[in-house]
Amino acid sequence: MTLRPFTGLLFASVGMAQQLALTPPMGWNSWNKFAEKVDAKVVKEIADAMVSNGMKNAGYVYVNIDDTWQGKRDAEGVLQPNEKFPDMKGLADYIHSKGLKIGIYSSPGPKTCAGFEGSYQHEEQDAKTWAAWGIDYLKYDWCSAKDVYKDDDMPAVYKKMGDALKATGRPIVFSICQYGRHKVSEWGAASGGNLWRTTGDIEDSWKSVATIGFDKQVGLEQYAGPGHWNDPDMLEVGNGRMDAVEYKTHMSLWAMLAAPLLAGNDLRNMQDEDKEILTNRLVIAVDQDKLGKQGYRVSKDGRTEIWMKPLENGDLAVGLFNRDDRDQLMIAKWSDLGLTGKHQVRDVWHDADRGKIKDLFEAEVSSHGVVMILISKKEERK
Ligand code: GLA
């Protein structure tokens, strides 16, 4: 009997933590496009753009400031923003008034990767400061923590901030960033992480997207689920160094991986093509599917790969990916997908029915391209 109130409380707090990031977080982050050139004006304009250009409607909600916002600590040790961000509370209020949420960035080390003030020995104080400003998301980046901790300390170091964020009582998504070292997928969730980077930094190149997205995610699917996600890094769609075929592959692969979708481009002036890629309704639905299963590779033949992702309604999302430098005819066999008989197939990017199909799906896939399909679980009789 005496244990009851305690057990109840325990469940209440676990329940609260689980409310966050039940599907992979969606939003924007300043780093890929702006790096140190981000300031409050840019952030406000990005928030305005998200509302007016359909990104918010498509599900993007977090507006995340990455490195270089930090100033000095005051006499009491309270971290201040620098001159680029004169009023953080005001900025958070502005973002919230748009129906969006705001994210910020720090390091467990004394300095961030760009050399600004980190949270070392100020973890609880900083968490309280951010909660008071109205921050909804923290990316916590290892950087100079390597000078004061060992890799073995990582789970505890991240848990310290995870606990500090929880103690504020404000729901703050916790994004662990230590480049996928020390088997982070195995302990990220226990340290309070809602997502954790699985690799080094992404670049706006096919090589980077392909290496990170295809090769480095294999086997990590077992660790992802509602509230805790593998993070293959932010999107590069729209940053200009890949073509539309490659950006579609990037977006499709991230959706198959149930990856966080953090746009990394300048949302204030997007090409229509990039906007269409970032806001594709069906692709986003695959990423955001409530079952929260990370997709996995089911077959590989030379430089072509087939990935599948089980969905909540029993349907399957399947990606036929061609990493080759030439177009390829690809075949997804039902037997590799655990299917028998005839199933209705829908082409995701063309939003078009491909009919009831038996045994296998065949498609010509462009070089560096993808054909993404949804296969209905229902077996058709005729
Ligand atoms: C690291 C991270 C990047 C970015 C920069 C900022 O490299 O991995 O995503 O946050 O630091 O300095």
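Annotations
- Taken together, the criteria exclude Ser119 from residues that are within 24 Å of Met154 (Cβ to Cβ), of a type in the set (S, T, N, Q), in the same structural domain as Val157 (by TED's automatic domain parsing) and free of Cβ contacts under 8 Å to residues at least 40 places away in the same chain.
- Matching residues, region 271-296, being in contact with a Pro (Cβ under 9 Å, 6 or more places away or on another chain) and open to solvent by 80 Å² or more (accessible area, probe 1.4 Å): Lys290, Lys293
- Cβ-Cβ distances below 7 Å connect the following pairs, each with a first residue in region 25-40 that is within 13 Å of the ligand (Cβ to nearest atom), a second residue that is small (Gly, Ala, Ser), and a separation of six or more residues or different chains: Asn29/Gly264; Trp31/Gly264; Asn32/Gly264; Lys33/Gly264; Glu36/Ala114; Val38/Ser30.
- Among residues of region 359-372 that are farther than 9 Å from Ala332 by Cα, those with a beta-carbon under 6 Å from a residue that is in a loop (DSSP other than H, G, I, E, B) and of a type in the set (Val, Ile, Thr) at least six positions away or on a different chain give the pairs Met372/Val348.
- One residue from Lys84, Lys72, Lys128 being open to solvent by 10 Å² or more (accessible area, probe 1.4 Å), within 16 Å of the ligand (Cβ to nearest atom) and in contact (Cβ under 8 Å) with a residue 12 or more places away in the chain: Lys84
- For region 157-172, a tally of residues being closer than 13 Å to Glu123 by Cβ and either charged (D, E, K, R) or within 15 Å of the ligand (Cβ to nearest atom) (or both) returns 5.
- Sub-7 Å Cβ pairs linking a first residue in region 291-305 that is within 21 Å of Ser367 (Cβ to Cβ) to a second residue that is in a loop (DSSP other than H, G, I, E, B) and among the β-branched types (Val, Ile, Thr), at least 6 apart or interchain, are Arg297/Val218, ordered by first then second residue.
- Against the numbered list (1) farther than 17 Å from Ala145 by Cβ; (2) under 21 Å from the mean Cα position of the chain (by Cα); (3) not charged (D, E, K, R), Ser106 comes up short only at (1).
- Scanning region 233-247 for residues that are away from the ligand (no atom under 16 Å from the Cβ), of a type outside the set (Gly, Ala, Ser) and open to solvent by 10 Å² or more (accessible area, probe 1.4 Å) returns Arg241, Met242, Asp243, Val245, Glu246.
- The residues of region 297-340 that are more than 28 Å from the chain's Cα centre (by Cα) and either aliphatic (A, V, I, L, M) or open to solvent by less than 30 Å² (accessible area, probe 1.4 Å) (or both), listed by number, are Leu329, Met330, Ile331, Trp334, Leu339.
- Subset of region 48-69 (residues that are open to solvent by less than 10 Å² (accessible area, probe 1.4 Å) and within 16 Å of the ligand (Cβ to nearest atom)): Val63, Asn64, Ile65, Asp66, Asp67, Thr68, Trp69
- Restricted to region 139-174, and to residues there that are in contact with a Lys or Arg (Cβ under 9 Å, 6 or more places away or on another chain) and open to solvent by 70 Å² or more (accessible area, probe 1.4 Å), the residue that is farthest from Ile102 (Cα to Cα) is Asp147.
- Residue selection: Ser175 satisfies the criterion of being modelled with pLDDT of 95 or more, within 16 Å of the ligand (Cβ to nearest atom) and either touching a Gly at 6+ places or on another chain (Cβ under 6 Å) or closer than 23 Å to Asp67 by Cα (or both).
- Asn230 vs. criteria within 16 Å of the ligand (Cβ to nearest atom) and surrounded by fewer than 21 Cβ atoms within 10 Å (Cβ to Cβ): no
- Test: residue in region 257-270 that is over 25 Å from Val38 (Cα atoms), surrounded by 18 or more Cβ atoms within 10 Å (Cβ to Cβ) and assigned by TED's automatic domain parsing to the domain that holds Lys56: yes
- For region 182-215, a residue qualifies if it is open to solvent by 60 Å² or more (accessible area, probe 1.4 Å), within 16 Å of the ligand (Cβ to nearest atom) and out of contact with any helix residue (DSSP H, G or I) (no Cβ under 6 Å at 6 or more places or on another chain), and the qualifying residues are Asp201, Glu203.
- Hits in region 87-119 (condition: open to solvent by 10 Å² or more (accessible area, probe 1.4 Å), more than 16 Å from the ligand (Cβ to nearest atom) and not in a strand (DSSP E or B)): Asp87, Lys89, Gly90, Asp93, Tyr94, His96, Ser97, Lys98, Gly99
- When region 167-182 is filtered for residues that are touching a strand residue (DSSP E or B) at 6+ places or on another chain (Cβ under 9 Å) and not in a loop (DSSP other than H, G, I, E, B), the ones remaining, listed by number, are Val173, Phe174, Ser175, Ile176, Cys177.
The values are calculated or read from the model by the stated rules, or taken from the named source; none is laboratory data. In this text the structure is predicted, and so the values were computed from the model without any measurement. Neighbour counts are summed over all protein chains in view; Cβ atoms, including those assigned to glycine, are modelled from backbone coordinates with ideal geometry. Heavy atoms of the whole protein, side chains included, go into the accessibility calculation; ligands, DNA and RNA do not. Shrake-Rupley method; radii C 1.70, N 1.55, O 1.52, S 1.80 Å.
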